[in-house]
Every structure is written in C-alpha cells, then in structure tokens.
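The values are calculated or read from the model by the stated rules, or taken from the named source; none is laboratory data. Please read these numbers as outputs of a predicted model, since none were measured by experiment. Ideal geometry is used to build each Cβ from the backbone, glycine not excepted, and the neighbour counts take in all protein chains shown. All accessible areas refer to the heavy atoms of the entire protein, side chains included, with ligands and DNA or RNA removed. Shrake-Rupley method; radii C 1.70, N 1.55, O 1.52, S 1.80 Å.
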Amino acid sequence: METQSNQAPKKKNSTFIIVLAVLVIGGGAFGITKYIHAQHHEETDNAQVEANVSPVIPRVTGYVKEVRVKDNQRVKKGDTLVILDDRDLQIKLEQAEAALAASEVQVSVATANTNAARSNIASSSANIGAVDAQIKAAEVNVWRANQDYERYNNLIKDHSITQQQYEQALATKQTAERQLKVLQEQKEVAARQTSAVGSQANATAESINAAKATIKERQAEVDNAKLQLSYTIILAPEDGELSKIYVQPGQLVQAGQSLFSVVLSNDVWVVANFKETQLDKMKLGQEVEVHVDAFPGKSLKAKVTSFSPATGARFALLPPDNASGNFVKVVQRLPVKIEFENPSSQPEVKQLRPGMNVVVDVHLD
C-alpha cells in the first residue's frame, strides 16, 4: 500500500513537470519567434483604406428641377447628376444678348456719323478752295482798281477828267477792296468750320472705339450669362460611385453647398498610423502586406510610398500645445501612405471601400 501511494505523487509530479516544460518551451519559442519577427517587421492595426472623394457642389443658386441619380449609383465623368431651374438665368442671358445687339447698333450709328463728318470736311475744304479762287480774282480786281484810281488821280489834278469820273474810279477801288476783305473773312469762317468739322469727325471716330469697347463688355456679359446658365446642369467630375443623395426636386440649393459626394474609382490606398517609435527602420519602397478585415485570410501586396510631413495631431482642428497646462508625454502617430502593387492583378483591391479597417505588415528588410 505504501509503495502504491508513493508512486502516485511521483506520477503527478512528472506530469506537471512535463506540462510546465512544454509551456515554457512553447512560450519561449513563441517569444523568440515574435522577437525575430519584430526585428524584421512593423505592424499596426491603426490603418484604413482611403480614396479620393469629390463633393458635388453647385456653382449657382437655384431650385432643383430634376435629380437623375440614386444612392450608391456608379457614374462616369460627364454624366448628368442634377438639373437646376434655369428660367431666371435664361432671362438674364436674353437681356445680355439684347444689350449686345444695342451696342452693335451704336457702332453702326457712330460709323455713319463719322462718315457724314468726313463728308462735311471734304465739303468745307471745297468751299475753302472756292473762296481762295474768289480771293485771287478779287485781288486782281483790287490791283486793277488801284491802277485805274492812280491814273484818274493824276488826271484830275490837271482837270483832264471830270470829277464824276474820278469819284467813280475811287468807288470802284473801295468796292474791290471791300469785296477782297469780305472774301478773306469768309475764308477764315470756312477754315474755322473745317476745323470744327474735323474735331467732330475725330470725336465721332472716338465714339466708334468707345462703342466697340462697349460691345466687348456686352459680349463678356453674354459669355458670363451663358456660363452661369451652363452651371444649372451639374455633371459628374470623374468616374466613381455616389454617396447617399441628400437633395430632392424643388429644394433650394445655394452656390457652394455640398449636395453629395462622388467616391472616385480611379485609385485606392491605405493610410497607416504608425507610432513614432516604429519609424526608425521604415523607408520608402519597402514591401507591405495588407490584411483586410473584410477579406479574412487574404493578403494584398503593397509598398510604402510616402510619409506625412507632420503627425496627425498637428493637422487636428485644435492641435495640442505642450506649452500650456501640465505636460504629459504621449506617443504620437505619423500617417504613412501605402499603395497597392499591380491593383489589376489583385481583384480584392477593386472591392475595397474608403474607411475599411486593415492591418498592415511592413517588411523592413
């Protein structure tokens, strides 16, 4: 009996030792494996899938006339998403076109006035030429009258002619001089008129330039009205999938108001937030294994492409200020951009959606 009782504790002790040895060896092996893995890898589960998200924003204020898309619909670049009521903008376009037509008429009127003024210049110049010819004839008459008067003045002294003949010669001389003076004054008046007509022609010519400048201004208003009118049709900026549609027909939307979003399907990537203590061996171009929670057991190939210029806390709405209050050292995280290699050969990449959780494993060697 004593022999059996001594053998039982020995058996129990050996079983315990074996189990303990197995646990110690297993734990040691697990610890060594993790240590070796940690020397060549950096992991984090603080990572999400990201993509370009473009908000759909109207450029003009108006009432929604028609919504042509639905929630989660796939669209292509240039597809019509929303149509706004364009009647107000159509009226503004018609007003701008009417103003442009009126400006073009003003150019025609100014051109006609300029041509008429130039015709008046030619007529005034012709009048001056006619007066010049009359002045030359009057000068000849004055010269002849003076010659006759000198002869009659000498003849009257020796009474060779009558007093009446002398007075007639004197009157002829004075009449010729007055006619010459009148013609000279007419020439001065005609010259002033020609100058005035020339100034008027220059003014009307300038009015043409002003009218043409007005046409350019009105044309710009027409172009702007057409541009504003085109904004009533809201198009998809790129290929992608729509978010939930938050706008309905009849709703008043403001310029700059976000209606919904388009998740662009041209590219997706991962942003992993590594602790600052994990970055000492990380470099650009290192291989990465991405494990997506949505696809358990799948490993996607990727690589490190860039590091954020600052920690996430620096880009927060209210970044922390260590100079205020009591300081508590907190390990910061730095966003690291990871892009997939050959997305076309990895069909799971096309099924990724922004915001999905992933676990990334960076190969440091």
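In percent, what relative contact order does region 240-365 have, based on Cα pairs under 8 Å that are 6 or more apart in sequence?
Numbers: 179 pairs, mean separation 40.9, N = 126.
Relative contact order for region 240-365 comes out at 32 percent.
Cross-link reach is defined here as a Cα-Cα straight distance under 21 Å, omitting same-chain residues fewer than 8 places apart; for Lys181 the lysines meeting it are Lys136, Lys173.
For Lys76, the aspartates and glutamates whose Cα comes closer than 13 Å to its Cα, not counting residues fewer than 8 places off in the same chain, are Glu238, Asp239, Glu241. Taking a Cβ cut-off of under 10 Å around Arg74, the surrounding Lys, Arg, Asp and Glu residues balance to a net charge of -2, with basic ones at +1 and acidic ones at -1. Across region 255-266, computed HN-Hα scalar couplings (Karplus, 6.51 cos²θ - 1.76 cosθ + 1.60, θ = phi - 60°) run 4, x, 7, 7, 8, 6, 10, 10, 7, 5, 9, 7 Hz from first to last residue, x flagging Gly and Pro. Charged neighbours of Ser299, selected by a Cβ distance under 10 Å, balance to -1 (K, R count +1; D, E count -1).
Net length available on complete extension from Asp267 to Ile25 is 82.4 nm, with 0.36 nm assigned per residue and the Cα-Cα distance removed.
The alpha-carbon positions of region 233-365 define a convex hull whose volume is 186 Å³ per residue.
Once the C-beta distance of Ser258 and Lys281 is scaled by a Förster radius of 35 Å, the resulting FRET efficiency is 0.25 to the nearest 0.05.
Can you list the residues of region 294-312 with backbone N under 11 Å from a point 7 Å past the Cα of Glu348, pointing along Cα to Cβ? 294-302, by backbone N distance to the label point. Peptides 259-267, 22-30 ranked from most to least packed, by the mean per-residue count of other Cβ atoms within 10 Å: 259-267, 22-30. Listed by chain and number, the lysines whose alpha-carbon sits under 26 Å from that of Lys337, ignoring those within fewer than 8 places in the same chain, are Lys34, Lys275, Lys281, Lys283, Lys298, Lys301, Lys303, Lys329, Lys350. Net charge near Pro249, counting Lys/Arg +1 and Asp/Glu -1 over other residues with Cβ under 9 Å of its Cβ? Combined, the nearby Lys, Arg, Asp and Glu give 0.
Annotation: extensible slack from Arg68 through Val359 equals 100.9 nm (criterion: 0.36 nm per residue apart, minus Cα-Cα distance).
Give me the percent of the accessible area of region 217-307 that comes from carbon and sulfur atoms, probe 1.4 Å, all protein chains in place. Carbon plus sulfur share of accessible area: 51 percent. Relative protection proxy for 306-317, 72-83, from highest mean packing down: 72-83, 306-317 (other beta-carbon atoms within 10 angstrom).
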